[in-house]
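Each remark here refers to the structure printed beneath this line.
What follows draws every value from the coordinates through simple rules; no lab data is involved. Given the structure is predicted, the values throughout are model-derived calculations rather than measurements. As a convention, Cβ positions derive from the backbone with ideal geometry for all residues, glycine included, and neighbour counts pool all protein chains shown.
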Amino acid sequence: MKTLSRIFLALLGGILWACSGFLDEKPNLSLVIPEKLDDFQGLLDAEMRGMNSYPTNGLISSDDVVIGPGTLPRLNFNLSAFYFWESETSLPGEMDIHWQSAYSKIMYANVVLDGLKDYNPTNSGEELRMVDLEAQARFFRAQGHYEALMHYGETFDPQAGTQLGIPIRTTSDINVRTNRASVRECFDFILEDLEFAANHLREKQEIPTRPSRWAAEAMLGRVYLNMQDYPGLQKSQFFASLLL
């Protein structure tokens, strides 16, 4: 009986060890865990994942778009709600794709930023590339927060700044809970990321869809305009050049 028990325990241990090894395997061999600088750049270049896109809800809600009577009945619920400025823009239980788009961009940027913290460069070339990657990631993180703030935050009042904004995400860890920040806190965070990007990005990227210094400067100016901070606007070299 003791012999059978030992055999059973040995078999059970082997099965559990095998299961542990199986769970350690990637569920899909095509999945890549970002560890190299090329992996980080690939995440930031993921245009099909929305890294270089902009939500359309603001555009369709503006007076730049006029939809004829023949097309209006064909609009889905979301587009129709945005076009007519309805208070509810999503069906019950439906995911808001514009909210998802902004925070997916923020998530990808934070994955890169978290990965860079653990990356050990082997030469000066990698150190320079890490700075450029951090600047790109912080540009996209600022852009994602800005998109969400413009569509879901309250209108900014320079005299108050205590209106409710959006959650600020600084980590890719989904287990970290985030409270809704004030509009002022959101703008300050966006400006901090953009100023870093403007100071460390290349003036012109090899691939036009990647963030450049001019893109960061232009977005800085746009944010200052939203804040009605005209002295700050003059700090933007992009807008300063337009005023000359």
Task: Under 5 Å, built H, 5+ apart or other chain: amide partners of Ala181 - done: Gly165, Ile166, Ile168
Task: Cα shape, the stretch 82-204, gyration tensor, a/c 1.5 rule - done: prolate
Task: J(HN,Hα) series, the stretch 44-50, from Karplus relation 6.51 cos²θ - 1.76 cosθ + 1.60, nearest Hz, glycine and proline x - done: 6, 8, 6, 5, 5, 9, x
Task: Counted charge near Leu128, where neighbours are those whose Cβ lies closer than 12 Å (Asp, Glu -1; Lys, Arg +1) - done: -2
Open item on the list: What are the ³J(HN,Hα) couplings of the stretch 130-135, residue after residue, when phi is run through the Karplus curve with 6.51, -1.76, 1.60 and θ = phi - 60°? Round to Hz, x for glycine and proline.
Closed with: 4, 5, 5, 5, 4, 5
- [ ] Using the Karplus curve 6.51 cos²θ - 1.76 cosθ + 1.60 with θ = phi - 60°, work out ³J(HN,Hα) for each residue of the stretch 102-114 in order, rounded to whole Hz, and write x for Gly and Pro.
- [x] 5, 7, 5, 4, 5, 4, 4, 4, 5, 4, 5, 5, 5
TODO: Mind grabbing the base-10 log of I(q)/I(0) for the stretch 33-243 at q = 0.11, 0.13, 0.16, 0.19 Å⁻¹? Debye formula, identical points on the C-alpha positions, no solvent, two decimal places.
DONE: -0.59, -0.81, -1.16, -1.43
